C-alpha cells in the first residue's frame, strides 16, 4: 500500500518501471487549428485507442484545474507523445547529470531550483494533469577540515493524489578541466564514498565523504526517480527514468574546503 509523503515520508521502490505510452498514429500538426471534420475523426480514433499517458519533469508546474494543450507541453513531453526516440545526451558530466539552476547562497550552501515531476493523460489536442510532485536538491558542505557534504532531497505532493514513491541513487563526480569528468570511485582512491542507492523520502539526508585530494574539484550527483500513484515513472531530459541533479562544484583544500566561486553545469 502506498504511503503519503506528507505524513510518514515517501516509501521507495528500487525497481524501475517502463514508461506507459499507448502507440498511436500522430495527430495533425498541433500548430494548426483542425476543422470540425478532422476533430470528429481524431475523436473517434482516440475513443478506439484510449488516452496516451506520459510522465516527465518540468521547471514549472501545470495548472491541474485546466486542460493543457499538447502544443504547450515541454518538448521532451511532446517527443514522448509522438514516439520519437530520444537523442543521446552528450555532456561532460557523467551520464547526463545537470545543475538544475538554483543558487549558491553561501560559501557552503547550494539549493537547486524546484523541479516538478508531472504525470498526464492526453488526447490528441489536450492533456489532463493526473499528479504532480515538487522536488528540490540541497547541498551543504561542512567546511573547515571536513571533506564531507550533507545532501538533502525534498519531495512534496503538489497536485493530485498525495501518495507517490521515490528512489534515489548517489555518486560523487570529479570536475576535470578540458576533459570528460569522472566519478570519484574511478578517479583516485582518496577516501571518497562510493556510489549508493535505495529508498528515500521528503527531507532525507545523505552524509557522504568526497575525498581529500588537495586542488581537486568535486561535485555530488543525486538522481530522484518518482513513481506516481498510477505506477508510472517520470522520465528525465536525457530520456532515462528519474531526474538527475548535479551539485555545485566544491574546491577541495587542506584547510577550509568550500563551494567554488563558479561551477560546471553539465550542459
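The values are calculated or read from the model by the stated rules, or taken from the named source; none is laboratory data. Here the structure is a predicted model, which means the values were calculated and not measured. Quick reminder, even Gly has a Cβ in these numbers, built from the backbone with ideal geometry, and neighbours come from all protein chains shown.
Of note:
- Residue list for the stretch 181-193, restricted to those being under 15 Å from residue 249 (Cβ atoms) and part of a loop (DSSP other than H, G, I, E, B): 181, 192
- Taking the criterion of being surrounded by fewer than 20 Cβ atoms within 10 Å (Cβ to Cβ) and either touching a helix residue (DSSP H, G or I) at 6+ places or on another chain (Cβ under 8 Å) or without any contact (Cβ under 8 Å) to a residue 12 or more places away in the chain (or both), the residues of the stretch 54-69 that qualify are 58, 65, 66.
- Restricting the stretch 43-72 to residues that are modelled with pLDDT under 95 and assigned to a loop (DSSP other than H, G, I, E, B), the residue that is nearest to the chain's Cα centre (by Cα) is 51.
- Pairs, first touching a residue at least 24 places away in the same chain (Cβ under 8 Å) and at positive phi in the stretch 198-224, second assigned to a loop (DSSP other than H, G, I, E, B) and crowded, with 20+ Cβ neighbours inside 10 Å, C-beta under 6 Å, six or more apart: 211/192
- The residues of the stretch 122-135 that are surrounded by fewer than 19 Cβ atoms within 10 Å (Cβ to Cβ) and under 20 Å from the mean Cα position of the chain (by Cα) amount to a single one, 134.
A quick yes/no check of all residues on (1) within 28 Å of residue 62 (Cα to Cα); (2) at pLDDT 95 or above:
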| position | (1), (2) |
| --- | --- |
| 77 | yes, no |
| 99 | yes, yes |
| 109 | no, yes |
| 124 | yes, no |
| 130 | yes, yes |
| 141 | no, yes |
| 151 | yes, yes |
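Each row is one residue, and each column tells you yes or no for (1) in a strand (DSSP E or B); (2) more than 19 Å from residue 223 (Cα to Cα); (3) in contact with a helix residue (DSSP H, G or I) (Cβ under 9 Å, 6 or more places away or on another chain).
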residue	(1), (2), (3)
124	no, yes, yes
130	yes, yes, no
135	yes, no, no
145	no, yes, no
171	yes, no, yes
179	no, yes, no
205	yes, no, no
